[in-house]
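Structure first, commentary second.
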Amino acid sequence: MIILGFIRKKTNLKKIEMISKEVLDFINENELSKTFIDDAAKKAKAINCATHPYSFSHPQPFTASDKKVLSHIVFQGRRTEDGYVRSGNVKVSRPLDLSGNAGDAKIWKFLMLKLSNGFTILENLRDRTPEAYELLQMDGRSKDDAIKLMDDFSLMFEQSDSQVTSSRIKQVYFYIGENQYHLLSVVTPSCLVFELKNRIAAIRNEKNEFRENKRNNYRDIYGIRVVKYGGAKPQNISFLNNANGGKALLLSSIPPLDIDELNIRLPKKDFFDECMDYNQYRSLFTYFHKYLSSDKETVPNNLLFRYRDKAINNIIDFVVQNLFLVRSSANLCRENLPKFQQVWLNPNELQRQSLMTDMLKEQISNSIVDWIRRTYYRLYDKRKVILGNSEINFIKEVISNREEFWL
């Protein structure tokens, strides 16, 4: 018997609205039985609710007996204007994570669904809200039965009074003073980890949209690395890890450099001849050559355009980066540069905008195209493919839509 039909017979419309369409759709799509919630409550004691799951440090599941000794960490933190990315300072879309038996993944997903008040079933059960009681009574249970189920689910949040850690968790000595150390167990704030991934994904989606619509500048984050948890079985780590395919992102932690320490190449006569590092741009032309040398008759158009777009945008990004580096230098002498480069490289934005004309923009665009063409011909020499009008016009179109050049 499917639970949804039973709900509609036993529950009035107002109560169904408190439960939320998301939950009802999940019940219907997964054809959950009437006993699903009862079964989930029985398994709750083996489900670990935490903000810092131990399983990220060691994938071996922590059992119900472990919970008697180990206290799974639920730490939301308190917001402080201290500039640190830490628990409490970041508003996360998923404030709690779940781990335990990977066979209970369907229960995890159910607990992470949102009710009509905007909070997950897990959060509603923790806070014993009216919505949580309505959910437990939706298939005809009495209030006493709902209270019993609520007590069973509360075992997920049970904290041990023990200060004992586990040999399966990495531990470090943290220096706090002369001959003084704290022994710390290193755990992962999974809610923060995957909030970071979601925000980076949002920035990248925004960037792609801006590029496609050709109406705005875009932002991106560089130096990102991917870290994997759980290998081929991300569900063994936690709910959030499984929902993200076992992949999280790491930001670069290199300290910022003083701009004067970057050893910037400053132009004396020409920006393109003197500021472009051969070792940096050489690899950027690989995709460009791949596009130009592809058999237009056999390679699908969508693949050709992908090669072209990636190649041109990577090369233009390289020009932009060098442009900003030169503009940022206080030691730039522009007197011997061509007139359009004197304006283009001027670090003063107001002066640039007041002096920039359509004629200068055309000169800048032509110079970029000419540098790309000369560089490609020099790199590929006898293997080169002569650029046609369609390629040149596309490069100019990309340049004209890159506001970084004209701001």
Subject >> Projected-area mean, region 272-318, by convex hull of Cα positions, square nanometres >> reply: 3.4
Original post:
Rg and Dmax of region 307-353, using alpha carbons, in Å: what are they?
Top reply: 12.9, 39
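What FRET efficiency would be calculated for the residue pair A102, R374, taking the C-beta separation as r and a Förster radius of 41 Å, to the nearest 0.05?
Efficiency, rounded to the nearest 0.05: 0.10.
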Original post:
Could you list log10 I(q)/I(0) for region 259-405 at q = 0.11, 0.12 Å⁻¹, which the Debye formula gives when each Cα is one point scatterer?
Top reply: -0.45, -0.54
**OP:** Can you work out the PRE-style zone for S116? Point 7 Å along Cα to Cβ, and I want the residues of region 20-62 with backbone N under 13 Å.
**Re:** 20-24
Original post:
For K109 and T80, what is the calculated FRET efficiency with R₀ set at 51 Å and r taken between the beta-carbons, to the nearest 0.05?
Top reply: 0.90
Original post:
Among K247/K310; K339/K396; K43/K143; K268/K310; K148/K170, which pairs are too far apart, with a Cα-Cα distance over 27 Å?
Top reply: K268/K310; K148/K170
Subject >> For region 307-393, projected area of the alpha-carbon convex hull averaged over all directions, nm² >> reply: 7.0
Subject >> Solution diffusion estimate, µm²/s, Stokes-Einstein, region 71-203, Kirkwood Rh from C-alpha pairs, 20 °C, viscosity 1.002 mPa s >> reply: 120
Original post:
Given the Cα-Cα distance of N336 and I224 and 0.36 nm per residue of separation, how much length would full extension add, in nm?
Top reply: 36.4 nm
Original post:
Taking Cα centroids, how far is region 86-132 from region 313-330 in Å?
Top reply: 45
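Give me the extension gain from K233 to K148: residue separation times 0.36 nm, minus the current Cα-Cα distance, reported in nm with one decimal.
Full extension from K233 to K148 adds 27.2 nm.
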Original post:
Which semi-axis lengths, in whole Å and largest first, follow from the square roots of five times the eigenvalues of the Cα gyration tensor of region 227-327?
Top reply: 35, 27, 9
Subject >> Difference of contour (0.36 nm per residue) and Cα-Cα distance, H58 to E29 >> reply: 7.1 nm
Subject >> Net charge, P267 excluded, C-beta distance under 15 Å - Lys, Arg +1, Asp, Glu -1 >> reply: +1
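We did not get these values from a lab; they are worked out from the coordinates using the rules stated. Since the structure is predicted, the reported quantities are computational estimates derived from the model, not experimental observations. Ideal geometry is used to build each Cβ from the backbone, glycine not excepted, and the neighbour counts take in all protein chains shown.
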